[in-house]
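**Student:** Let me begin by handing over the structure; questions about it come next.
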Amino acid sequence: MVGQRVKKRIVIIGLRLFAISALLYTATRIVIFAQLFGKFKDHSGIRLTQEEIFEAHNLSDIRTPVVPKIIHQVFHNWHDATDKPLPAKWESTRQSCIDLNPGWEYKLWTSQDSRTLIQLYFPSFLRTYDGYKYPIQRVDVVKYFALRKYGGIYIDLDNGCSANLEPLTYYPAFTIDGGQGALSNNIVGGQPHHPFFVLLTDNLGPWNWNYLLPYVTVMFASGQWYLTAIWEKYHSLLRDDGSVEGFKGDSWGILYRVLNDLRPGADRLIFFTQAVGESWADWDYRLLKTIGDYILLVVLSAWLAAGGVIWFYIRRKARRRPDFQYEPMMA
């Protein structure tokens, strides 16, 4: 009987230790996930408004540009890879960037061009590239590889230009910050071979998981959540002297977040316009967008619910009597 009690106590202690470990691990993952949305602290990097960038350039700018004057855009016809003409709905936004940036090189990456880029310069990634479940993932990743190889400024087709982009060529690596949630990958720029772009491309393989929900898979494996996670990873590797752990050189420095908040009353926008987008979003997008708006409440509720289930199970286990029978007494 004593042995049964000892075994029972050991089981209960083991379950409690497991529960505590599980809850601590879950809490850690929740904090890391919520930080993708800047909930506990602001995103890393130097925050710049478009007006600050514009004014810095106009005040007798003597800095040396580091970003090549190349505009990258991507168009993949998901039904016919040989179809190259751009749909009319994006022609005006594309043309605005060409017209406002005379002398810049313009590159539209089609399905065939994109695969050729990977095949020629990053052949070890080709299998992963071809194996993506959702076509939008190939659109996401080719922009990272193009910037790593050539540098320049990538702009989504549903974004247009409203000013010359030269003021942005002085920032070695930057992305857009919409002022709410994760950083954006719809406009990204920088110099070629920057460690940030190397990290963006080198980590695509390890992050290539199926997260069950289509939108989550796209966002985590190649999209905005992925870019935000690598953005934070870059800054965790950045040393005080400007070097980045694992990379040569000591002049890389902090990255730049260019504010592009579309909400009323936000900082004035100068360089970019926004047309209708998110045509790739799947059925779970609306649900998850709502969850994202209340992410702290959602993750806290999930954590408390998980803790409640584990606590209930342990309490029930503790109250259960050991299953044994007494020997009958001798007459």
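**Student:** Given labels modelled 7 Å from the Cα in the Cβ direction, how far is it in nm from GLN119 to ARG63?
**Tutor:** Between GLN119 and ARG63, the label points sit 3.9 nm apart.
**Student:** Same structure again: Which value in nm describes the separation of the simple spin-label points at ARG5 and ASP267, placed 7 Å from the Cα toward the beta carbon?
**Tutor:** Here the modelled spin labels are 6.8 nm apart.
**Student:** Hey, another quick one. What's the tally of Lys pairs in segment 43-282 whose alpha-carbon atoms lie under 27 angstrom apart, where the two lysines are 8 or more places apart or on different chains?
**Tutor:** So the count of such lysine pairs works out to 24.
**Student:** Let me ask something else about it. Determine the sum of side-chain charges near SER114: Lys and Arg each +1, Asp and Glu each -1, restricted to other residues whose C-beta is under 13 angstrom from that of SER114.
**Tutor:** Within the 13 Å Cβ shell, the charges total +3.
**Student:** Further question: What does the C-alpha gyration tensor say about the overall shape of segment 43-282? Classify as rounded when a/c is under 1.5, otherwise prolate if a/b is larger than b/c, or oblate.
**Tutor:** It is rounded, given that a/c, with a ≥ b ≥ c, falls under 1.5.
**Student:** Would you list HIS76, HIS194 from fewest to most Cβ contacts within 10 Å?
**Tutor:** Details: HIS76 19, HIS194 23.
Ascending number of Cβ neighbours within 10 Å: HIS76, HIS194.
**Student:** Which net charge results for the neighbourhood of CYS97, defined as the other residues with beta-carbon distances under 14 angstrom from its beta-carbon, given Lys and Arg at +1 and Asp and Glu at -1?
**Tutor:** Value of the local net charge: -3.
**Student:** Taking 25 Å as R0, compute the FRET efficiency from the Cβ-Cβ separation of HIS235 and LEU100 and round it to 0.05.
**Tutor:** With a Förster radius of 25 Å, E is 0.20.
**Student:** In what sequence, highest mean first, do 171-181, 124-134 appear when ranked by Cβ atoms within 10 angstrom?
**Tutor:** 171-181, 124-134
**Student:** Restricting to segment 141-280, compute how many DSSP beta bridges are antiparallel as a %, nearest 5.
**Tutor:** 75 percent
**Student:** Note down the net charge around SER162, summing +1 for each Lys or Arg and -1 for each Asp or Glu among other residues with Cβ under 12 Å from its Cβ.
**Tutor:** Within the 12 Å Cβ shell, the charges total 0.
**Student:** Under unit Cβ charges (Lys, Arg +1; Asp, Glu -1), what dipole magnitude, rounded to 20 debye, does segment 86-200 have relative to its Cα centre?
**Tutor:** About 460 debye.
Any read-out appearing in this document is the output of simple, stated calculations on the displayed coordinates, not a laboratory observation. Quantities reported herein were computed from a predicted structural model and do not represent experimental measurements. No Cβ is skipped: glycine too gets one built from the backbone with ideal geometry, and neighbour counts run over all protein chains shown.
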